[in-house]
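The values are calculated or read from the model by the stated rules, or taken from the named source; none is laboratory data. Owing to the predicted nature of the structure, the values given are computational and were not obtained by experimental measurement. All Cβ positions, even for glycine, are placed from backbone atoms using ideal geometry, and neighbour counts span all protein chains on display. To get the accessible areas, we keep the full protein, side chains included, count just its heavy atoms, and leave off ligands, DNA and RNA. Shrake-Rupley method; radii C 1.70, N 1.55, O 1.52, S 1.80 Å.
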Amino acid sequence: MLVSVTPNRSGVNAPSTLILNGAGFDSSSSVQFIDGSNHVYTATSITVDSFTQVTAYEAAGALPSGTYSVRVALASGPSATLTNSFQTLSTG
């Protein structure tokens, strides 16, 4: 389960650190950003802070400007997606 992504926006030329809150995260978790055309971008790196929190890191310029759904997936198969929950702005 994924319930929030903070912050919900960043500049395309700035590195981003996102806090994802929910439940069921473990060491096999991965984070993806999915744009409106269903292109999938994997987070630069992540840290599983706890069962309820993941920190995702995205390098500057790694995501084109636009709106993204954020997905957390487990290696065992389950995933959770928060639709249109993160935006990269062309300025910043």
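Structure values in brief
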item	result
Residue count, region 40-78 (criterion: under 15 Å from Asn8 (Cα atoms), of a type in the set (Ser, Thr, Tyr) and open to solvent by 50 Å² or more (accessible area, probe 1.4 Å))	3
Residues (closer than 19 Å to Ala73 by Cβ and β-branched (Val, Ile, Thr)) located in region 11-33	Ile19, Val31
Test: residue in region 34-42 that is touching a Ser or Thr at 6+ places or on another chain (Cβ under 7 Å) and in contact (Cβ under 8 Å) with a residue 40 or more places away in the chain	yes
Any hit, region 20-32, residues being under 22 Å from Thr91 (Cα atoms), aliphatic (A, V, I, L, M) and at pLDDT 95 or above	no
Whichever residue in region 1-24 is assigned to a strand (DSSP E or B) and open to solvent by 80 Å² or more (accessible area, probe 1.4 Å) and, among such residues, is farthest from Asn84 (Cα to Cα)	Val3
Residue match in region 9-17 (condition: farther than 18 Å from Ser90 by Cα, in contact with a strand residue (DSSP E or B) (Cβ under 9 Å, 6 or more places away or on another chain) and at pLDDT 95 or above)	no
Any chance Thr81 is in a strand (DSSP E or B), within 21 Å of Gly24 (Cα to Cα) and either free of Cβ contacts under 8 Å to residues at least 12 places away in the same chain or open to solvent by less than 60 Å² (accessible area, probe 1.4 Å) (or both)	no
Every pair of residues 6+ apart whose Cβ atoms lie under 7 Å, when the first sits in region 10-29 and is without any contact (Cβ under 8 Å) to a residue 60 or more places away in the chain while the second is open to solvent by 30 Å² or more (accessible area, probe 1.4 Å) and small (Gly, Ala, Ser)	Pro15/Ala59; Pro15/Ala60; Asn21/Ser4; Ser28/Ala75; Ser28/Ser76
